[in-house]
Amino acid sequence: MCLQAERILPDADDPVRSLAAALKRKYGSRITDELLIPEKAGRYASLPGDLDPRLAQALRKRGLSRLYSHQSEAWEIAASERHFVVVTPTASGKTLCYNLPVLQSVLQGQSKALYLFPTKALAQDQVAELIELNKAADLGVRTFTFDGDTPGDARKAVRTRGDIVVSNPDMLHQGILPHHTKWAQFFENLRYVVIDEMHSYRGVFGSDVANVIRRLVRVCRFYGSEPQFICCSATIANPAELAAQLLGEPVEAITESGAPQGEKQLLLWNPPVINPDLGIRASNRSQSNRIARLSTRMGLKSILFAQSRLMVEVLTKYLKDVFDKDPRKPPRVAAYRGGYLPTERRSTESKLRSGSIDCVVSTSALELGVDIGALGVLVASIQPLNQYIVRNPDFFLGASPEHGRIDPNQLLILLEHVRCAAFELPFRSGESLDELLAYLQEEGVLHREAEQWHWTADSYPANSVSLRSVAEGNFVVIDTTDGGQQVIAEVDYTAAPTTLYEGAIYMI
């Protein structure tokens, strides 16, 4: 588990330093090591001379009169129409690396852009940022979200009127590409595709996404467009290599950040031994609860990350029992995880941005791209890897970033996406897939006529191919207390047997 606290007062009266000092003074034996990252000065560049005046005005109204050096570098590469990936720290302004060229292109013509994020929270965060820029100078750029939460009656407007469509790989795979004829106007004018949080596209998920990108490029070429790809990633060892594998094209990497950084402090925390004979330690849940309570009492804003949905609910209850006992007052503690209804997730995201909530307990579903931390506390569990890290901090602090690995040509993965691509557009012989196409013809789903392979089955292949799991579909949790029928949550197919069985207690 990890707790991050935000500095809300200047150094003269700094509760973050006070919290760190209190933790070390009271629980010094539990802190195995600490890391101090010093402040770093920024490197800047002037706003581009060819920047649209309306966009320059919007930036200045948002308090931005210059760019960081990596943002300026991104602008120049974007102008050269080369694919690139930006790999800089959290809250270093990666968003502007793609928003500037995208908005410039939209303002100067009929260009469209597609933004892909792995989570809905990130997508909503991006939409909020674009809306703020749009309002600042009345740019008139139409930005819409297109995901599973988008109402059916709004989807046509997104397809026909959206300048920037914000979505996710799953929706592109199942909701956009199979219905590309409805998106013809959008694909004809698609100029940019942005892939944020690229580091999350690894393993089987990344291999699936790489094939979705192949299908996207294929559909774009059918409509006469060749979009430029802009990727952003957290630190990984091979950003250019991973991006090139995802896109199937050479990619240039921007890895030097020009953004300033404030001082940061990280504490490694090992729960105390409570039974020396058996070697049993206190739970990381109890320790995280203790730290979060102290942080909240000292007036700090904090996020408490837990590893499971159940742990989120348990910790939230513990903290609400302390800080939200009076129902007449606004809640100070909130939970965030997959399975919550869209309105609840959006509400928590909004409160985080506005600072109107003190503590959020979350799984990794909460990725808003916000640099919350002047202080981080990593609380170890009893798992062997956790114990090794807190007992060998040099390994944790000195290890190189991990590599992102994918294999888009893995036979089973590739075959499923060939099915999907054949449904979308006929294949021509000679596309290096003739063996797979012949196999699908033997299965009775393709028919070869002259030099083309046509889809002949009644099935809808994308609907049976999940990018993230082996099973499709969600179950809804309905509160039937007093005869009611209120939907309170959703649970995915694979988790339902362990959480929604008869007699189960569902915590929310």
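Looking only at segment 456-465, decide whether some residue is assigned to a helix (DSSP H, G or I), of a type in the set (G, A, S), surrounded by 13 or more Cβ atoms within 10 Å (Cβ to Cβ) and out of contact with any Lys or Arg (no Cβ under 6 Å at 6 or more places or on another chain). Within segment 456-465, one or more residues are assigned to a helix (DSSP H, G or I), of a type in the set (G, A, S), surrounded by 13 or more Cβ atoms within 10 Å (Cβ to Cβ) and out of contact with any Lys or Arg (no Cβ under 6 Å at 6 or more places or on another chain). Taken across segment 395-415, residues that are modelled with pLDDT of 90 or more, farther than 30 Å from T343 by Cα, among the acidic types (D, E) and assigned to a loop (DSSP other than H, G, I, E, B) do occur, with at least one present.
Scanning segment 466-476 for residues that are modelled with pLDDT of 85 or more and surrounded by fewer than 18 Cβ atoms within 10 Å (Cβ to Cβ) returns F475, V476. Note on segment 322-347: residues that are part of a helix (DSSP H, G or I) and crowded, with 20+ Cβ neighbours inside 10 Å amount to 1.
Yes or no, residue by residue, for (1) in contact with a Pro (Cβ under 8 Å, 6 or more places away or on another chain); (2) under 25 Å from L266 (Cα atoms):
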position	(1), (2)
P15	no, yes
Y27	no, yes
D33	yes, yes
I37	no, yes
G42	yes, yes
L47	no, no
L55	no, no
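Of the listed requirements (1) part of a helix (DSSP H, G or I); (2) loosely packed, with under 14 Cβ neighbours inside 10 Å, S432 misses just one: (1). In segment 177-199, the residues that are on the phi > 0 side of the Ramachandran plot form Cβ pairs under 8 Å with partners that are in a helix (DSSP H, G or I) and modelled with pLDDT under 95, at six or more places apart or across chains, as follows: E197/L122. Can you find a residue that is buried (at least 22 other Cβ atoms within 10 Å of the Cβ) and of a type in the set (D, E, K, R) anywhere in segment 74-91? So far as segment 74-91 goes, no, none of its residues is buried (at least 22 other Cβ atoms within 10 Å of the Cβ) and of a type in the set (D, E, K, R).
Among the residues of segment 253-272 satisfying the criterion of being surrounded by fewer than 16 Cβ atoms within 10 Å (Cβ to Cβ) and not polar (S, T, N, Q), which is farthest from V193 (Cα to Cα)? Please lay out each step first, then the result.
Initially, segment 253-272 is screened for residues surrounded by fewer than 16 Cβ atoms within 10 Å (Cβ to Cβ), giving 255-256, 260, 262-263, 272.
Remaining after also requiring not polar (S, T, N, Q): 256, 260, 262-263, 272.
Working: E256: 23, P260: 28, G262: 32, E263: 34, P272: 49 Å.
Result: P272.
Note on segment 444-455: residues that are exposed (fewer than 10 other Cβ atoms within 10 Å of the Cβ) and either within 37 Å of the chain's Cα centre (by Cα) or charged (D, E, K, R) (or both) amount to 1. Given the structure, is L216 touching a Lys or Arg at 6+ places or on another chain (Cβ under 8 Å) and in a helix (DSSP H, G or I)? Considered against the rule, which asks whether it is touching a Lys or Arg at 6+ places or on another chain (Cβ under 8 Å) and in a helix (DSSP H, G or I), L216 comes out as no. Filtering segment 123-155 to residues that are assigned to a helix (DSSP H, G or I) and without any contact (Cβ under 8 Å) to a residue 24 or more places away in the chain leaves I131, K135, G152, D153, A154, R155.
Of all residues in segment 38-53, those satisfying the criterion of being surrounded by 14 or more Cβ atoms within 10 Å (Cβ to Cβ) and in contact with a Lys or Arg (Cβ under 9 Å, 6 or more places away or on another chain) are Y44, A45, L47. When segment 280-321 is filtered for residues that are of a type in the set (A, V, I, L, M), farther than 14 Å from V361 by Cα and part of a helix (DSSP H, G or I), only L294 remains.
If you take just the strands (runs of 3 or more DSSP E) that sit entirely in segment 40-88, which of them hold at least 3 residues that are within 21 Å of L242 (Cα to Cα)? Can you show your working first?
Working: elements: 44-46, 66-68, 84-87.
Result: 84-87.
Contact map, segment 60-87: first residue assigned by TED's automatic domain parsing to the domain that holds L242, second residue basic (K, R) and surrounded by fewer than 20 Cβ atoms within 10 Å (Cβ to Cβ), Cβ cut-off under 7 Å, separation 6 or more or different chains; pairs are Y68/R43; S69/R43. Is it true that some residue in segment 247-268 is of a type in the set (G, A, S) and assigned to a helix (DSSP H, G or I)? No.
Look through L446, L437 and report the one residue that is more than 30 Å from L35 (Cβ to Cβ), in contact with a His (Cβ under 9 Å, 6 or more places away or on another chain) and either without any contact (Cβ under 8 Å) to a residue 60 or more places away in the chain or among the β-branched types (V, I, T) (or both). Lay out the reasoning, then the answer.
On the way: L437 fails: in contact with a His (Cβ under 9 Å, 6 or more places away or on another chain).
After applying the criteria, what remains is L446.
The values are calculated or read from the model by the stated rules, or taken from the named source; none is laboratory data. Treat the numbers as computed from the prediction; the structure is a model and nothing was measured. All Cβ positions, even for glycine, are placed from backbone atoms using ideal geometry, and neighbour counts span all protein chains on display.
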